[in-house]
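A.B. asks: Dropping the structure in here first, questions after.
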Amino acid sequence: MTDAEAMALALDEARAAAERGETPVGAVILDPVTGEVIARAGNGPIAAHDPTAHAEIAAMRLAAAKLENYRLTDLTLVVTLEPCAMCAGAISHARIGRVVWGADDPKGGAVVHGPKFFAQPTCHWRPETTGGVMAQESADLLRGFFRARRKAKSAS
């Protein structure tokens, strides 16, 4: 499966999250050797009443349960938005082999922005990283979601 094909699946999860009123971020975990999708999830902190229910965390939890292993070594995580510091920490602990994201997040991202988590000397596992895959589609989805929320808020 190509990065773009996997990102298309992650974007489907992001759209589903938006329909639930969650910030539209989606994630997919796949086996890069077989192309099998191990897990897919969208953002869910509001419905779950859980600040850790980001798409990446939800997908890693599903993958770990499916594989019966908390280590997700050599798997690929594809997410529509650059991971935050919390998610980057979990990615490192899970030993994800590669992280692919769509839109950069200059305010909350932690891979190429902010703390640059994987570059820190205290980071014990550094995945391969690729950013900008279908970045425009990912960014447009987020912008449209927040534009609609602002418009709805100003109308009330």
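The values are calculated or read from the model by the stated rules, or taken from the named source; none is laboratory data. Keep in mind the model is a prediction, meaning the values are calculated, not measured. With ideal geometry, Cβ positions are generated from the backbone for all residues, glycine too; neighbour counts draw on all protein chains shown. Just the protein is used for accessible areas: all its heavy atoms, side chains included, with ligands, DNA and RNA removed. Shrake-Rupley method; radii C 1.70, N 1.55, O 1.52, S 1.80 Å.
A.B. asks: Looking at the structure I just gave you, is residue 101 touching a residue at least 24 places away in the same chain (Cβ under 8 Å), of a type in the set (Phe, Trp, Tyr) and open to solvent by less than 60 Å² (accessible area, probe 1.4 Å)?
C.D. replies: Answer is yes for this residue.
A.B. asks: Return yes or no: is residue 45 under 20 Å from residue 146 (Cα atoms), modelled with pLDDT of 95 or more, open to solvent by 30 Å² or more (accessible area, probe 1.4 Å) and not small (Gly, Ala, Ser)? Reasoning before the result, please.
C.D. replies: Numbers: under 20 Å from residue 146 (Cα atoms): yes; modelled with pLDDT of 95 or more: yes; open to solvent by 30 Å² or more (accessible area, probe 1.4 Å): yes; not small (Gly, Ala, Ser): yes.
Yes.
A.B. asks: Out of region 80-98, which residues are within 16 Å of residue 64 (Cβ to Cβ) and within 9 Å of the chain's Cα centre (by Cα)?
C.D. replies: Within region 80-98, just 87 meets the criteria.
A.B. asks: Could you grab me the full set of residues in region 49-76 that are within 13 Å of residue 90 (Cβ to Cβ), open to solvent by less than 80 Å² (accessible area, probe 1.4 Å) and in a helix (DSSP H, G or I)?
C.D. replies: 55, 56, 57, 58, 59, 60, 63, 64
A.B. asks: Quick one: which of 145, 118 is in a helix (DSSP H, G or I), farther than 29 Å from residue 34 by Cβ and hydrophobic (A, V, I, L, M, F, W, C)? So that I can check it myself, show each step before the final result.
C.D. replies: Working: 118 fails: farther than 29 Å from residue 34 by Cβ.
On inspection, the qualifying residue turns out to be 145.
A.B. asks: List the pairs whose first member sits in region 22-48 and is farther than 21 Å from residue 86 by Cα, whose second member is assigned to a loop (DSSP other than H, G, I, E, B) and of a type in the set (Gly, Ala, Ser), and whose Cβ atoms are under 9 Å apart, counting only residues at least 6 apart or on separate chains?
C.D. replies: Sorted first by the residue in region 22-48, then by its partner, the pairs are 32/97.
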